[in-house]
Structures are given as C-alpha cells and as structure tokens.
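For reference, the structure is listed below as structure tokens.
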Amino acid sequence: MAKDVIVACDFASAEAVYAFLDKIPGQKPFVKIGMELYYAEGPAIVRELKRRGHKIFLDLKLHDIPNTVKKAMAVLSGLDVDIVNLHAAGTRAMMEAALEGLTRPDGSRPLLIAVTQLTSTDQESMERDLLIHEPLERVVLHYAATAKAAGLDGVVCSPLEAGQVHAVCGAEFLTVTPGVRFAEGEKGDQKRVTTPARARELGSDYIVVGRPITAAADPAAAYERCIDEFLN
Ligand code: C5P
C-alpha cells in the first residue's frame, strides 16, 4: 500500500500556495486543498496543481442529502483528484451515493474517505449538542465500520486511533492522520500529537502535515525530514 506525506496547503490564495511550493524545489509533494483555498480559488487551483504534477487530497468534507452529494462528487471526480472526503454522519446511504457519483464510466475513481467525529468534538459537546451518549472512541469506530460497509476506502483519524481502525476495518482500510508534529516542535492548536516516526509505528497510511512544514524556516528540509521519519 502506498504510504505518503500529504502537505496541508492551508493558504488563502493561489499565489501563497505557489510561493510556498517554490520553496520545495524539485519535489512534487502530495498536497491537501481545504475549504479556505478551494472557496477562494475554485476548481482552477486543483487543475493547476494537477498540471504541475501534484497528487491532490481535496478536503471538502461533503455532507448533504444523498442525491446532492452524488452529483457534487461526480463534478469532483471530473477534476481528477486523488482523494476526496465526506462526513460519515451523512449516513451509509449518503456514502453509497457519493461512491456512485465518484465512479467514472471506465470504473476508475478517486479514493473516498470519511471524517468520523471531528477532533474538535469532545465527549461533552457530542453529548450536549448531538445527543450522542456512547463513548467517543466507540462512535469513531462505528462510523469507520459504517464507512467500510458503504464501500469507502478509509477514514481521517488521529494516529492514536489508526491501530484500532485497522483492527476493526482491516489492514487495507486507509487511515489518513493529521495531528503530526516533530518531537521538539510547537503543538499549535493540536492537542493530541505524534511524530511522523510514531505515526508510522501506529499504522498511519498517510500523514497530513501543515504548519510544521508550511511555517518552517526551511520548508524543504522540514518536508524531507517528514518523509525520512515516516517512510524510512
Ligand atoms: O497545521 P497542521 O499540521 O495542524 O494541519 C493539519 C491539517 O489537517 C489542517 O488542514 C486541519 O484542518 C486538518 N485536520 C486536522 N484534524 C482533523 C481533520 C483535519 O487537523 N481531525
């Protein structure tokens, strides 16, 4: 299975992304485009980064009625991205519809992964705001199992959950894990963090790394270090 480092390009403009990528010359990192960048620049940013040879995780976290998600996914599939995602909370029917929409006439499609519970949701807010009273960890694993049953390829989760997700959903079910920091680095707003090397030991398939690379004094060195620690 392909393992890789995905660089979260959390910038507000195309110019800022290109300026950042110019600091990693000779490399074509797998990049994550999130809502901020996509809503600012639209599909043009996806097409341009594809043209430059990057693999793309389009992190738009779709969540709507099945028919709407199916049609939106068909549009995203036409952009030739490599990974897209949605909220497992949209239900199994929505996830199945999404897969249908993503699948091209020749049977190919981007990988589709699910967000389980956002890491910004804790036990208290889940109980109070969502009226879900099961333990958070159990909810995450149940959503992952539902995503697997719907035919999805994996989930976004913490590296600390990757082992359990693989135990429940199988070794082939992808775990895409943010919350990665270098051993001596700033945590920022991430609470539970692991190093790239530890994420590998815990079974992550892809690590998503933003500020430790994008805000580094030497982004090229930080990216190389992530690759070294995670892949070698
Ligand atoms: O800068 P940092 O390494 O914290 O960036 C992590 C990226 O992963 C951000 O784009 C963030 O939105 C995303 N993410 C996350 N936690 C999740 C899901 C996505 O940090 N549970």
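Odds and ends about this structure:
- The stretch between Ala220 and Leu79 holds 48.0 nm of extra length on full extension. This uses 0.36 nm per residue minus the Cα-Cα distance.
- Think of the chain as a dipole: +1 on every Lys or Arg Cβ, -1 on every Asp or Glu Cβ, centred on the Cα centre; then among Val140, Ile56, Leu79, Leu79 lies furthest on the positive end.
- Each of Thr175, Thr146 was scored by other Cβ atoms within 10 Å of its Cβ. Listed from fewest to most, they are Thr146, Thr175.
- In terms of its C-alpha gyration tensor, the chain has an oblate overall shape, because the principal axis ratio a/c (a ≥ b ≥ c, square roots of the eigenvalues) is not below 1.5 and a/b does not outweigh b/c.
- When the square roots of the Cα gyration tensor eigenvalues are ordered a ≥ b ≥ c, the ratio a/c for the stretch 99-232 is 1.5 or more and a/b does not exceed b/c, which makes its shape oblate.
- When shorter helices are ignored and each DSSP H run of at least 4 residues is given -39500 (n - 2.57), the per-residue value for the chain at 222 nm works out to -13000 deg cm²/dmol.
- Assuming charge only on the beta carbon of Lys and Arg (+1) and of Asp and Glu (-1), the dipole of the stretch 1-43 about its Cα centre is about 240 debye to the nearest 20.
- Of the GluC sites (Glu not before Pro) in the stretch 137-232, the ones in a loop by DSSP (not H, G, I, E or B) with at most 10 other beta carbons within 10 Å are Glu184.
- Cut-off 15 Å between beta-carbons: net charge of the residues surrounding Tyr18, Lys and Arg +1, Asp and Glu -1: +1
Every number in this text was worked out from the coordinates using simple rules, so none of it is lab data. Treat the numbers as computed from the prediction; the structure is a model and nothing was measured. Cβ: placed from backbone, ideal geometry, glycine included. Neighbour counts: every protein chain shown.
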